[in-house]
Amino acid sequence: MKLFAVFVLAVLLVLASIGFILEFPMAYAWSGTVYIRSDGRVEPVGAPVSTTDGVTYVVRDNISVSGFMSGIVIERDNIILDGKGFSVKGSQLLFTRGIYVGERRNVTIKNLIVQGHSIGIDVSESVNVRIQTNNMIDNFIAIQFSRSNHSTIIGNNITGVSGIIIKESLNNIVSENHLIGVGDSVVGQGIGVDGSNNLIIRNTITNYPAGVSLSYASGNNVYANNITLNAIGIDLYEYADNNTVAGNIIANNAFGIRIYRASGNRIYHNNFYRNGEDIDIDDGVINYFDGGYPASGNFWDEHSGNDLFHGENQNIPGSDGIIDKAHQTLSGAIDKYPLAAPFTPLSTITIGESMFNIEIISNSTISNLYINPGEGPFLKFDVSGPSGTKGFSTVTIPKTLLWTDRGWIITVNGQAITNYLELSDEKTHTYTSPTPTQQKQLRSAEQTSYQNTQQPCL
């Protein structure tokens, strides 16, 4: 009887163990390196990557990789690697790489989880590579481009010591990525650039020793990024010369922008909020903290004043959205045309291979921008603010997007207005006009339309 009871108890324990296993399955990952060969084959046989057409390669299972190895090595041009949400995991301590792309053309890598590597995705000497919508988790460097050009890194979620590193590379676009550093690290960059003519646009970058870092870099454009809670928001370091830093939110950093042995940089249309020090600049270097007139300068939360005049010397009656008195930072940087309200890069419009930015400076809330050059030369947007307040909007339109030599008709709530200021130059139309709110509502939403009288020249 005792033997039977012991047997029954043992069976129950086994069943309980099976039930536990069924309820909480062990995660399984294929281990080793997957090669996508130049002739289209996938090796080794049984690896969890497959294709039916030699163009789109689909990951079918999680992959793990150990010491000094890569998870997936791409040796074929003109392909798409679709991770389908599966992971490629490795070890920072064992110097693994998640994906390696060397001397390739026209490769897209998307929808992967790449976790725990020394370098998550490593691209070397390649052209027209697209890295999109991947989750890069706890890699020492999430994405690295070396001597790789005309490529795009877009829409990735990134955590780890360093986010995106561009080395000796030209004409790349880094756009709409969300990057979060580890916080307590003394090394690491959100986006680091050593190269020329790269566009860093509309990324969110937080919690790094340096949010964006440029060195040995020229002709790059850092535009419309949200750069917050870093030790240094933007670091223009040795030989980072003749770059443009514009349209960024630079907030709650110990230093907003640090400049060391770098010159000729143009810094304007940025919004500086609550930084320990907005600008830290090395003596003896020449940089520019406004775009000249009428392009204007930056918005500084610690600087205020009247906007009663306009013109290059701010001595002609009539407001232009620029504070009449120049702003000098603690480090001696001078913005001759500080903005009277924050800058808003509303929309980036792509036509063919060209990108156009519609920009608005306003002390009101702007929403619902609408522009479609195919429908005609006009744009419209909504303006809202507390009832009875006096507001203004300054709109800048690239002439290569919407062009006219007859001027513009500006309407508020469908009614044409004449009390506006035109400040156009050879590249843009710039108009400043009042945007009054409706008197009988707590908050109002008005449609302000800037409408041309002839067809656009595209």
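The values are calculated or read from the model by the stated rules, or taken from the named source; none is laboratory data. Predicted model only: the values in this text are computed from it and were never measured. Note that each Cβ is placed from the backbone with ideal geometry, even for glycine, and that neighbours are counted across all protein chains shown.
Brief remarks on what is shown
- Just one of the listed residues (VAL212, VAL222, VAL245, VAL187) is over 29 Å from GLY321 (Cβ atoms) and assigned by TED's automatic domain parsing to the domain that holds VAL127, and it is VAL187.
- Answer from GLY102, GLY98 - the residue that is under 20 Å from ASP61 (Cβ atoms) and in the same structural domain as LYS167 (by TED's automatic domain parsing): GLY98
- Pairs with Cβ under 9 Å, 6+ apart, first in segment 48-70 and in the same structural domain as LYS84 (by TED's automatic domain parsing) and among the acidic types (Asp, Glu), second part of a loop (DSSP other than H, G, I, E, B) and loosely packed, with under 13 Cβ neighbours inside 10 Å: ASP61/TYR28
- Residue that is surrounded by the fewest Cβ atoms within 10 Å (Cβ to Cβ), among those in segment 276-295 that are in a strand (DSSP E or B) and β-branched (Val, Ile, Thr): ILE281
- Residue check for PHE309: in contact with a Phe, Trp or Tyr (Cβ under 7 Å, 6 or more places away or on another chain) and not polar (S, T, N, Q): no
- Exactly one residue out of ILE316, ILE257 is of a type in the set (A, V, I, L, M), at pLDDT 90 or above, in the same structural domain as LEU214 (by TED's automatic domain parsing) and within 23 Å of ASN221 (Cα to Cα): that is ILE257.
- Of the set (1) part of a strand (DSSP E or B); (2) surrounded by fewer than 19 Cβ atoms within 10 Å (Cβ to Cβ), all apply to GLY211 but (2).
Quick grid of which residues meet (1) within 15 Å of MET136 (Cβ to Cβ); (2) within 13 Å of the chain's Cα centre (by Cα):
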site	(1), (2)
ILE180	yes, yes
VAL212	no, yes
TYR223	no, yes
ALA231	no, no
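- Among the residues listed as ILE137, ILE113, ILE131, ILE109, the single one being modelled with pLDDT of 95 or more and closer than 15 Å to VAL161 by Cβ: ILE137
- Checking each residue in segment 296-340 for being assigned to a strand (DSSP E or B) and among the aromatic types (Phe, Trp, Tyr) picks out PHE299, TRP300, PHE309.
- Condition broken by ASP301, with the remaining ones in (1) assigned by TED's automatic domain parsing to the domain that holds ILE259; (2) buried (at least 21 other Cβ atoms within 10 Å of the Cβ) satisfied: (2)
- Residues of segment 247-275 satisfying the condition of being surrounded by fewer than 21 Cβ atoms within 10 Å (Cβ to Cβ) and among the small types (Gly, Ala, Ser): ALA251, ALA254, SER263, GLY264
- Residues in segment 130-157 that are assigned to a loop (DSSP other than H, G, I, E, B) and either in contact (Cβ under 8 Å) with a residue 40 or more places away in the chain or touching a His at 6+ places or on another chain (Cβ under 7 Å) (or both): ASN134 alone.
Yes/no matrix, rows are residues, columns are (1) over 27 Å from ARG261 (Cα atoms); (2) acidic (Asp, Glu); (3) assigned to a loop (DSSP other than H, G, I, E, B):
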{"residue": "THR159", "(1), (2), (3)": "yes, no, no"}
{"residue": "SER162", "(1), (2), (3)": "no, no, no"}
{"residue": "ILE165", "(1), (2), (3)": "no, no, no"}
{"residue": "GLY183", "(1), (2), (3)": "no, no, yes"}
{"residue": "ASP194", "(1), (2), (3)": "no, yes, no"}
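- First in segment 391-410 and at pLDDT 70 or above and buried (at least 22 other Cβ atoms within 10 Å of the Cβ), second anywhere and among the acidic types (Asp, Glu) and not in a loop (DSSP other than H, G, I, E, B), Cβ under 7 Å, 6 or more apart: THR396/GLU359
- For TYR237, the criteria (1) hydroxyl-bearing (Ser, Thr, Tyr); (2) crowded, with 19+ Cβ neighbours inside 10 Å; (3) within 17 Å of VAL174 (Cβ to Cβ) hold in every case but one, which is (3).
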